[in-house]
Amino acid sequence: MASYGTTTHRPSPNSPPPPPSQDNESENPSPKKLYTFSFSFPFNIPSTPESAAVRIIRNLENFSLYYAIFVWTVLFIILIPQRKVSVIYLVAMTEVSFLYFVVLRAFPDSVILHRTIDKRLVLFLVFVITALELILTRAAIHLFVVLAATVPIVMVHAVLSKRELDVIVHEGDGELARLVQEKLGDDGSMSENTI
């Protein structure tokens, strides 16, 4: 019968045994790095009222743009069916805010724009002018209902959202960012790095 192109090789009893496997640790004196991903839940209840206050302040600073976009979106949706003039004023003040941030980006070395004039003051003035425009166009009820509905949601998120302060380490190009927990092989010490 034909073997259809397959051949079998039997090891000869006189052939030398394969060399024993050597550990890479003996060849490479640097310790091995084992990476494991660590996931954490981004929300929890603060342990004390002081920690809740600190968390609220920190989250209002970190997420202020997202909170403003959330309130703006709800206000925009509420105003569309009934108050078209108010929507135009709201969009106009949004464009003023956008142009202010474009000017900040266009002149990063300007002492007047970055040091003398505080960004929070400018945005507060934009908010006050927008609120006055909405009140004058008879959309005050809409504004206050939206603020009464969204501010508690924002505050609950600010209290419950915990955000770990990550240390940013740039190695090499540093283009890719990954959150890993690094475990060194020999000494067993743990450290968290963001590369």
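No lab work stands behind these numbers, since they all come straight from the coordinates. Just so we're clear, the structure is a prediction, and the values are computed from it rather than from any experiment. No Cβ is skipped: glycine too gets one built from the backbone with ideal geometry, and neighbour counts run over all protein chains shown.
Sorted fewest first by neighbouring Cβ atoms within 10 angstrom, Phe127, Phe43 come out as Phe43, Phe127. Taking Cβ atoms as reference points and 15 Å as the exclusive limit, the residues near Arg83 contribute a net charge of +1, counting Lys and Arg as +1 and Asp and Glu as -1.
Once you have the alpha carbon radius of gyration of segment 49-160, what is it after dividing by 2.2 N^0.38 Å, with N set to its residue count? Mind dumping the intermediate values first?
Numbers: Rg = 15.8 Å, N = 112, 2.2 N^0.38 = 13.2 Å.
Taking N as the residue count of segment 49-160, the ratio is 1.19.
Amide H contacts of Lys162: Phe43, Asn44, each under 5 Å away and 5 or more positions distant or on a separate chain (H built 1.01 Å from N in the peptide plane; Pro and chain starts excluded).
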